[in-house]
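Report on the following structure.
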Amino acid sequence: NTNYECILVETRGEGPRKTGVIRLNRPKALNALSDPLMDELGLALKAFDADPGIGCIVLTGNEKAFAAGADIPTLLQHDFMSAFNSQLISKNWEHILQVRKPVLGAVQGFCLGGGCELAMMCDVLYAADTAKFGQPEIKLGVIPGGGGTQRLPRWVGKSKAMDMLLTGRFMDAAEAERSGLVARVLPADQLMDEVFQAAETINGYSAPVVALMKQLTNQAFEVPLTEGVKIERGMFHAVFGTHDQREGMNAFLEKRPANWKHG
Ligand code: CO8
């Protein structure tokens, strides 16, 4: 678990449920997402997700870059057959989508190409005012392969996505917030504190309710509205079968903090 070479992993927080922190750590390559890095990221996400002592997960980079994309020298080694046979991207980029706990992305500096695609697979994004987002694949003579052409239009709308994808231009943090790509923009030196605070708040809630909230909200992009609302209604009824629903409502009426059993 501590033998990672391309990421740094630590646990943070005060309460009984902690925050799992994963830092992408290939600073010399602006955290380019190499194959070993993506393997390690998958393992670390899986380990935090399985740990009942962890409430949510923060994924971040360093001051200069969240990640400047997939590792270009590695991509250059591929031809069609090797990309196809090695299941390039498919085999290790989407573990993050299996995680049931919230993954909060904290972005400083460059967040480009595969880096932006990875960021868009997080549940919520917080950006420093230094963040720069883009899908510059077109400049390399390729298209995105990690969902960029599909998630970017859903996150920021078609016209802006098309503008980004076709010109390869970067957008700054203010534009990213205006467009709905990120939830909040913060001065760089306050970013991590604010993200850890949000994480602590989430860690303080009932774990199954948090997991359900994440699942249903992400489902909004997968199923038709009427169907999605029906599923939400069923789950809303289901939470009345939990201890935590009675506890949360009783605690409110008794003006005291809730004592969750996470069930
Ligand atoms: N891959 C590998 N190395 C990189 C990458 C990258 N994506 N980006 C930067 N680096 C390296 C540079 O080569 C350089 O290394 P060295 O010091 O050895 O020359 C070092 O990081 C620092 O970079 P720069 O000197 O270029 O720094 P600048 O501040 O001048 O520029 C930029 C920063 C603008 C971010 C610039 O580095 C850049 O344009 N990088 C490439 C961005 C890009 O095109 N990203 C898209 C990559 S393609 C992709 O992500 C497809 C996703 C599909 C998924 C694929 C899954 C396998």
Members of the range 20-41 found to be surrounded by fewer than 21 Cβ atoms within 10 Å (Cβ to Cβ) and within 13 Å of the ligand (Cβ to nearest atom), listed by number: P27, K28, A29, L30, S34, D35, P36, D39
Within the range 155-193, considering residues that are assigned to a helix (DSSP H, G or I) and among the hydroxyl-bearing types (S, T, Y), the one nearest to L75 (Cα to Cα): T167
Hits in the range 20-33 - residues which are outside any helix (DSSP H, G or I) and more than 18 Å from the chain's Cα centre (by Cα): R26, L30
Residue selected from the range 214-223 under the condition in a helix (DSSP H, G or I) and either surrounded by fewer than 17 Cβ atoms within 10 Å (Cβ to Cβ) or outside the structural domain of Q245 (by TED's automatic domain parsing) (or both), by the criterion nearest to the chain's Cα centre (by Cα): N218
Residue list for the range 87-102, restricted to those being surrounded by 22 or more Cβ atoms within 10 Å (Cβ to Cβ) and under 18 Å from G148 (Cβ atoms): W93
Count - residues of the range 55-73 that are surrounded by fewer than 21 Cβ atoms within 10 Å (Cβ to Cβ) and out of contact with any Leu (no Cβ under 9 Å at 6 or more places or on another chain): 2
Test result for G141, small (G, A, S), assigned by TED's automatic domain parsing to the domain that holds K18 and surrounded by fewer than 22 Cβ atoms within 10 Å (Cβ to Cβ): yes
Residues of the range 8-19 satisfying the condition of being crowded, with 22+ Cβ neighbours inside 10 Å and in a strand (DSSP E or B): T19
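Being free of Cβ contacts under 8 Å to residues at least 60 places away in the same chain, within 11 Å of the ligand (Cβ to nearest atom) and on the phi > 0 side of the Ramachandran plot narrows it down to one of G180, G157, G168, so name that one.
On the way: G180 fails: within 11 Å of the ligand (Cβ to nearest atom); G157 fails: within 11 Å of the ligand (Cβ to nearest atom).
One residue alone meets the criteria, G168.
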Top-ranked residue in the range 138-154 [being within 8 Å of the ligand (Cβ to nearest atom) and part of a helix (DSSP H, G or I); ranked as nearest to L216 (Cα to Cα)]: G148
Condition check for L191: crowded, with 17+ Cβ neighbours inside 10 Å and away from the ligand (no atom under 16 Å from the Cβ): yes
Which numbered condition G241 fails, given (1) in a helix (DSSP H, G or I); (2) of a type outside the set (D, E); (3) surrounded by fewer than 12 Cβ atoms within 10 Å (Cβ to Cβ): (1)
Yes/no for F133 being surrounded by 22 or more Cβ atoms within 10 Å (Cβ to Cβ), over 12 Å from the mean Cα position of the chain (by Cα) and hydrophobic (A, V, I, L, M, F, W, C): yes
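Would it be correct to say that M192 is free of Cβ contacts under 8 Å to residues at least 12 places away in the same chain and among the hydrophobic types (A, V, I, L, M, F, W, C)?
Considered against the rule, which asks whether it is free of Cβ contacts under 8 Å to residues at least 12 places away in the same chain and among the hydrophobic types (A, V, I, L, M, F, W, C), M192 comes out as no.
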Residues of the range 199-213 satisfying the condition of being in a helix (DSSP H, G or I), crowded, with 20+ Cβ neighbours inside 10 Å and of a type in the set (G, A, S): A199, A207
Among (1) in contact with a Lys or Arg (Cβ under 7 Å, 6 or more places away or on another chain); (2) assigned to a helix (DSSP H, G or I), the one test that I231 misses: (1)
Selection within the range 28-42 - farther than 21 Å from E94 by Cβ and out of contact with any strand residue (DSSP E or B) (no Cβ under 8 Å at 6 or more places or on another chain): K28, A29
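The values are calculated or read from the model by the stated rules, or taken from the named source; none is laboratory data. These numbers come from a predicted model, not from an experiment. All Cβ positions, glycine included, derive from the backbone under ideal geometry; neighbour counts span all protein chains shown.
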